[in-house]
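The values are calculated or read from the model by the stated rules, or taken from the named source; none is laboratory data. Please read these numbers as outputs of a predicted model, since none were measured by experiment. A quick note on method: Cβ atoms are made from the backbone with ideal geometry, for glycine too, and the neighbour counts reach across all protein chains shown. The area values use the complete protein model at the heavy-atom level, side chains included, leaving out ligands, DNA and RNA. Shrake-Rupley method; radii C 1.70, N 1.55, O 1.52, S 1.80 Å.
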Amino acid sequence: MEHPPSASPVSVRVQDRNNAFLPKPSEQFVATPEIESITDRALNYMGAGYPVHFTGVAGTGKTSLAFHVAAKLDQPAVLIHGDDEFGRSDLIGAEVGYRKSKVVDNFIRSVLKTDEQVKRLWEENRLARACREGYTLIYDEFTRSPAEANNVLLSILEERILHLPSRSGSSDGYVRVHPNFRAIFTSNPEEYAGTHKTQNALLDRLITIELGFQDRDMEIEITQSRSGISRESAEVIVDIVRTARQIDSAQHGPSVRAAITLARVFAGREDDVAADSAIFRESCIDVLRPKRGSIAGPNGSTTEGSNIRNEIEALVRTVFRKR
């Protein structure tokens, strides 16, 4: 059986470039007119010197779009994932040890000269390298990093200067940001677990573009592109996922990722994508079961345990009945 296409959310192929990579356009990325319009706007903003910020609930394609836009810039990029443990040094660099050198001069037998030097070793991290070399910064889910760590971005984005600690070995204590430096940020809403409230001063320096779930046709195209499944089966799976999303009380229901998962499992097995297929129904329950809480009914009441199974089985039957 042929293996389905990669399900990686990264929408570009990458080539290592000495602590950076060169984004390349991906054949699997589905670029609709709406996406290309957002891409053009983002490129215009960055061309004028402004960083862009893609925000939206999980599964709306923020990271894939960030890589797509970075590929359009046609220059090396660095990737940083937000982390609750981050400090300033994780972004710009830190001391990693010492280097000790000793020179012994015994050119004249009766005279012994020694010279010892100890130097601190400074290792530059990705943000500093991007500023110095003029790379594209992709800061994925930056709100997962504490606001204190991200404060270093304020002068970078506004004054175009990166301040370095005096012990960094830089003679002047700062780096002037390269003219080619560009920045793309992504984030989930602040009510998501693990996110930090972002300082207004940083948000004020970003141009924020809010992303929503894709429309039905786009989700079908994405599902097909990432799985290799037939159009008819992709339509069924997407309709099941979208129906489950509509009845999720938190409005953060399953995204196109769930459709891709189901499509990859049943790629080449389209005969199993049927209402009377036990393995398909069970797979829908496994994939669509709420990760937290329960699916809510029309009146807002919640259901637990076996009732969740009944809810998902019912919506699967409903989708097939409507076809």
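Data for the structure
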{"item": "Net charge, Tyr139 excluded, C-beta distance under 15 Å - Lys, Arg +1, Asp, Glu -1", "result": "+2"}
{"item": "Neighbour-limited loop hits for GluC sites (Glu not before Pro), segment 14-88 (at most 11 other Cβ within 10 Å; DSSP other than H, G, I, E, B)", "result": "Glu27, Glu85"}
{"item": "Potential lengthening between Asp276 and Tyr192 on full extension [0.36 nm per residue; Cα-Cα distance subtracted]", "result": "26.5 nm"}
{"item": "With all protein chains modelled, accessible area of Tyr174 [1.4 Å, Å²]", "result": "80"}
{"item": "Exposure ranking of Ser233, Ser26 by accessible area [1.4 Å probe, largest first]", "result": "Ser26, Ser233"}
{"item": "FRET efficiency estimate (nearest 0.05) - Cβ-Cβ, Asn307 to Asn44, R0 56 angstrom", "result": "0.65"}
{"item": "Rounded to the nearest 10 Å², the accessible area of Thr223 at probe 1.4 Å", "result": "0"}
{"item": "Estimated FRET transfer efficiency (Ile161, Phe320; beta-carbon r; R0 41 Å; 0.05)", "result": "0.10"}
